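Everything on this sheet refers to the single structure shown next.
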Amino acid sequence: MYAQYVATLRELLEQLAKERNPDGLPRISKAKVNEYAENIEVVAAKLAVPTSDVHTPKEPEGEISSSGTPKAEGSVNSASEGLRRRFGVHSNNEEKSRDTIDSDQSSAAVKLDDAARIHIEKHRKLQEDLTDEMVVLARQLKECSLMMNQSIKNTEKILDSTEKAVEHSLASTGHATSRAMVVYSRSFKTTCL
């Protein structure tokens with residue numbers, strides 16, 4: 001009875017894990033997928049109370065996990081087996097109380113299912129927002145990098161032209177100095193004669 005809720009949670013998680021953003025990156029991290037899978041398995045373990053024959057073994061629900069986390073699967077198997085053993089010998093009154101608990105848990109399972117969907121949607125939206133923000137920041141970083149490269153090229157051009165101007169100025173100054181020396185030496189010779 002509860003297996004359909006757990007299966008729905010697993011299917012939703014599997015769909016969420018397969019979703020990609022426009023850049024081809026996963027919408028949700030592997031760590032979050034594993035965390036959600038473990039939470040689903042905990043819910044599955046809590047809901048793994050057999051309703052009819054206690055000795056009829058159910059399929060271990062942990063093997064159906066979409067994330068394949070063996071730790072969660074092992075804990076589900078041991079927890080569900082422990083529950084089966086614990087409820088092995090009961091009187092009719094205990095059976096009736098267990099049926100009442102089962103009906104209460106079925107309504108709780110629906111709430112858990114809705115809560116899980118809302119939780120998954122909330123995290124999906126958060127992941128999308130973070131991805132969009134990262135794309136915007138990457139674009140801004142690229143623009144800043146291009147502007148910086150252009151600024152460096154402009155600075156190099158200015159330095160090159162300044163270097164040429166200084167070389168030209170030094171050459172002109174050297175030429176003027178040598179001419180001044182020639183003129184000075186001639187004028188000195190004429191004054192001495």
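For this structure, a couple of remarks:
- Set side by side, the residues ILE120, ILE101, ILE158, ILE152 differ, and just one is at pLDDT 80 or above and under 20 Å from ALA45 (Cβ atoms), which is ILE120.
- Condition met for LYS153 (exposed (fewer than 10 other Cβ atoms within 10 Å of the Cβ), of a type outside the set (Ser, Thr, Tyr) and farther than 30 Å from ASN21 by Cβ): no
- Filtered residue count, region 116-146, keeping only those that are touching a residue at least 40 places away in the same chain (Cβ under 8 Å) and touching a helix residue (DSSP H, G or I) at 6+ places or on another chain (Cβ under 9 Å): 6
The values are calculated or read from the model by the stated rules, or taken from the named source; none is laboratory data. The structure displayed is predicted, hence computed values, not measured ones. When we count neighbours, we look across all protein chains shown, and the Cβ atoms used for this are built from the backbone with ideal geometry, even at glycine.
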